[in-house]
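J.: Have a look at the structure that comes next, please.
The values are calculated or read from the model by the stated rules, or taken from the named source; none is laboratory data. Owing to the predicted nature of the structure, the values given are computational and were not obtained by experimental measurement. Virtual Cβ from ideal backbone geometry, glycine too; neighbours counted across all protein chains shown. Just the protein is used for accessible areas: all its heavy atoms, side chains included, with ligands, DNA and RNA removed. Shrake-Rupley method; radii C 1.70, N 1.55, O 1.52, S 1.80 Å.
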Amino acid sequence: MNVKRIIPLVIMLVILLLIVFCAVIYAQDHEEQGTLAHKVNTESLSGISLFLAILYNEHRLFYALGTTISMAVFGILIALSVDFILAHFGLTISKMEHRE
Amino acid sequence: MDVFNIWLPIAEIKFSVILLLSIGFCVGTLGGFFGVGGAWIVTPALNIFGFNMSFAIGTDLAHIFGKSIIATKKHSKMGNVDVKLGLISIIGSIIGVELGAQTIMFLEKVGDVGMVVRWIYMVLLFGLGIFMVLDYLKATKAESSTDSDTGATPTKGTPISQKLYSIKIPPVISLPASGIEAVSFWVIFAVFMLTGFLSGLLGVGGGFILLPSLIYLIGCPTAVAVGTSLLCVLFMGGYGCFSYAMKGRTELIAAMIMLVGAAVGAQIGVLATRYVRGYGIRILFAIMIILAGISVALKQAYAMLETPWLGTIAGIVVLGAAGSMTLLIFLKLLRGAAAEKKQAF
């Protein structure tokens, strides 16, 4: 892989980590203020819903990290899948000419 | 129909899957085409159909994060993302947002700032919208006279960006992806701090401020402005998603379902930018933010007159605008693709 292409990715990763770091500190601050008091009822839940509800009630930090990471992973997976499907039908995206 | 309704365990409400997919699809299309997160559409939509306001914001931010990844990747393939500019925008915006938020905290001590914020929001939406419409009309007029008279090509950037380029405070950087040869780093940084400040002050994602800023102040081509704006929205969405999830205000299942709809919509929105020229995107964006301004004005009237039906109309205006614009973008894509196919044969 070209080094010039790696540098922006590394910078982006560092910024992302910094943002997550700041968010964790911010979140801990809020935890101390008792904003995590809200709990959901798990009585009628099962499967994935129950798992999410337990995570939400008992491990809020993991719920937050899980939500953020799963949205990112899901987004990347969809983007790759769509690219794959489009390429399969011969629809590849290329650089476009900018017209004003 | 109950068969399409699912129980959302965290928000603790029953919600229609079809509705979530539709909202996701609409906002995905608009996001891919305009480079915005679309919180001003999703939040009222979820709220109108039964979500608690804070859950609506948190769930929306989570889906914006996932959607922005999809749309940014696609725009990047089309050469529409200026990574260097995007990174500067993120740093500048974060500082600006914090300054804006601190200003709100200060103003809150003085008195009720809600009304003031809504007025600034309205002025900004109508001001930007009208400015962009006038710019479009001016450009159309100039284009027709250029075609008939001299055949000269238009200059790069805008008159405002040209003036900003002349400020040469070191370090001076180049942005090849945006076609900018030399611009002071501090000028760009200041622009993003200003847009971030406005976002923090108004409590909005800021895509609708960032896009015109990239076009008119920085002088990016419209398609690059859309892609780069999405890169910034991606980081803001990621931070917002985590922050709201930590506060327990994100419904993961709803966000995932919306993301499926948004993924399809984003493909349509991004591909449509291929067939619509820069000024076409600008005028549609201007119409969209003027309609959003009307919606905020109705909300303001509702707050002042305390007549509930004005609030409902405000929601209908924003949802109607989003639906109509999605349809229009889809038609533009179909027309462009058909014309391209015809040209190929």
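J.: Would any residue of segment B:253-286 have its amide N under 16 Å from a label point 7 Å out along Cα→Cβ of residue B:337? List them or say none.
T.: It comes to B:263-276, nothing else.
J.: List, in order, the whole-Hz ³J(HN,Hα) value for each residue of segment A:45-62 obtained from phi through the Karplus relation with A = 6.51, B = -1.76, C = 1.60 and θ = phi - 60°; use x for Gly and Pro.
T.: Using θ = phi - 60°, the values come out as 9, 8, x, 5, 5, 5, 4, 5, 5, 5, 4, 5, 6, 10, 9, 4, 4, 5 Hz.
J.: Further, regarding this structure: Note down the nm distance, to one decimal, between modelled labels 7 Å out along Cα→Cβ at residue A:61 and at residue B:189.
T.: A separation of 3.3 nm, rounded to one decimal place.
J.: Carbon and sulfur: what percent of chain B's accessible surface (1.4 Å probe)?
T.: Values: 10190 of 14390 Å².
Whole-percent figure for carbon plus sulfur exposure: 71.
J.: Shielding by partners for B:222-233, please: the mean number of other protein chain Cβ atoms within 10 Å of each residue's Cβ. Show your work: numbers first, answer last.
T.: Values: counts 3, 5, 1, 0, 0, 0, 0, 0, 0, 1, 0, 0.
That average works out to 1.
J.: Okay, moving on. With every protein chain kept in place and ligands, DNA and RNA left out, what is the accessible area per residue of the protein assembly as shown? Probe 1.4 Å, answer in Å².
T.: Values: 21290 Å² over 445 residues.
The answer is 48 Å² per residue.
J.: Could you work out how much longer the chain between residue B:327 and residue B:123 gets when fully extended? Use 0.36 nm per residue separation minus the Cα distance between them, nm to one decimal. Please report the intermediate quantities before stating the final value.
T.: Values: separation 204, 0.36 × 204 = 73.44 nm, distance 2.77 nm.
My answer for the length gained is 70.7 nm.
J.: Taking only C-alpha pairs under 8 Å that are 6+ residues apart, what is the relative contact order of segment B:2-344 in percent?
T.: Numbers: 553 pairs, mean separation 120.5, N = 343.
Contact order relative to length: 35 percent.
J.: What is the average number of partner chain Cβ atoms found within 10 Å of a Cβ in B:67-76? Walk me through the intermediate numbers first.
T.: Working: counts 4, 3, 9, 9, 2, 2, 8, 5, 2, 2.
The shielding value for this peptide is 5.
J.: Helix check for chain B. Which DSSP H runs span at least 15 Å along their own axis by Cα, with a mean Kyte-Doolittle hydropathy no less than 0.0?
T.: Sorted by number, the helices that extend far enough and score high enough are B:17-34, B:53-77, B:83-110, B:114-148, B:185-202, B:222-246, B:252-272, B:278-305, B:308-344.
J.: Let me ask something additional. Return the average number of partner chain Cβ atoms within 10 angstrom of each residue Cβ along peptide B:260-272. Don't skip to the end; give the middle numbers.
T.: Working: counts 2, 0, 2, 7, 2, 0, 4, 7, 0, 0, 1, 3, 0.
Neighbouring Cβ atoms belonging to other protein chains average 2 per residue here.
J.: Using alpha-carbon positions, what is the distance between the centroids of segment B:32-51 and segment B:54-86, in Å?
T.: Cα centroid of segment B:32-51 versus Cα centroid of segment B:54-86: 14 Å apart.
J.: Per-residue counts of other Cβ atoms within 10 Å, averaged by peptide: what ranking do you get for B:275-287, B:188-200, highest first?
T.: Working: B:275-287: 19.8, B:188-200: 22.2.
Order by mean packing, descending: B:188-200, B:275-287.
J.: Please identify the longest segment of chain B free of exposed GluC sites (Glu not before Pro), where exposed means a DSSP state other than H, G, I, E or B and no more than 14 other Cβ atoms within 10 Å.
T.: Details: sites that count: B:12, B:306.
The reported range is B:13-305.
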